[in-house]
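Participant: Quick one: the structure is below, and I'll ask about it shortly.
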Amino acid sequence: MNLDQLIKACKKQNIKAQSELYNRYKNTLYLQCLKYCKTVEEAQDNLQDAFLFIFSNIKKYNGKGSFEGWMKRITINKAIDKYKKDSHISIVINDDIIKDSVVEIASIKLPLDELLGCIQSLPTRYKLVFNLYELDNYSHQEISQMLSISVGTSKSNLHRAKLLLKDAIINKSALLNLNKKSYEY
């Protein structure tokens with residue numbers, strides 16, 4: 001079944017088509033979930049919530065724009081909704097630190113899973129802004145609306161995320177190099 005046929009069948013609540021759609025996009029959307037969730041279990045829950053929402057609202061998809069993009073947006077919004085619901089953190093705004101600093105860590109070689117681990121270890125509010133801005137190309141204006149924060153807070157959180165990520169990458173790289181050298185003896 002091509003995508004248009006699959007969407008039409010899903011709009012008619014065809015279970016076989018829903019299963020095919022799920023199997024076709026579960027991995028892509030799961031990776032989205034992992035970017036925004038604290039744990040694997042939370043990512044799995046978010047994926048489930050996203051697909052439930054997608055199937056119950058697929059009639060609203062009008063064919064304008066990418067269907068995969070529509071599903072990714074839903075998946076991200078589900079993670080953000082969970083963050084907002086569970087958030088008991090007050091965000092401090094300090095516009096003085098929003099000066100763009102270039103992080104010079106290009107010479108550090110870190111395996112992808114280690115880099116993703118560093119991103120996952122960021123505090124939730126910083127990880128959300130970092131992922132939305134750097135990985136999903138949302139603007140600070142869009143992020144401020146999605147997270148109900150000011151543009152300044154979005155910029156501040158991105159800056160802090162980059163600083164924490166830089167430290168985490170440097171520390172992880174040093175640890176990996178230390179372990180590598182201990183095996184060379």
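Participant: Quick check on Ile89: is it within 21 Å of the chain's Cα centre (by Cα) and modelled with pLDDT under 85?
Facilitator: yes
Participant: Which members of the range 135-157 meet the condition of being surrounded by 14 or more Cβ atoms within 10 Å (Cβ to Cβ) and either of a type in the set (Gly, Ala, Ser) or under 21 Å from Cys33 (Cβ atoms) (or both)?
Facilitator: Residues satisfying the conditions are Asp136, Tyr138, Glu142, Ile143, Ser144, Met146, Leu147, Ser150, Gly152, Ser154, Ser156, Asn157.
Participant: Please give the helices (runs of 4 or more DSSP H) falling wholly within the range 108-148 in which 1 or more residues are in contact with a helix residue (DSSP H, G or I) (Cβ under 9 Å, 6 or more places away or on another chain) and within 25 Å of Ser173 (Cα to Cα).
Facilitator: 112-120, 124-130
Residues are listed down the side, and each one gets a yes or a no for (1) in contact with a Cys (Cβ under 6 Å, 6 or more places away or on another chain); (2) acidic (Asp, Glu); (3) within 22 Å of Gly117 (Cβ to Cβ); (4) not assigned by TED's automatic domain parsing to the domain that holds Tyr138:
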site: Asn27; (1), (2), (3), (4): no, no, yes, yes
site: Glu42; (1), (2), (3), (4): no, yes, yes, yes
site: Asn46; (1), (2), (3), (4): yes, no, yes, yes
site: Ile54; (1), (2), (3), (4): no, no, no, yes
site: Lys72; (1), (2), (3), (4): no, no, no, yes
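The values are calculated or read from the model by the stated rules, or taken from the named source; none is laboratory data. As the structure is a computational prediction, the values presented were derived from the model and not from experiment. In this analysis, Cβ positions are derived from the backbone assuming ideal geometry, glycine residues included, and neighbour counts consider all displayed protein chains.
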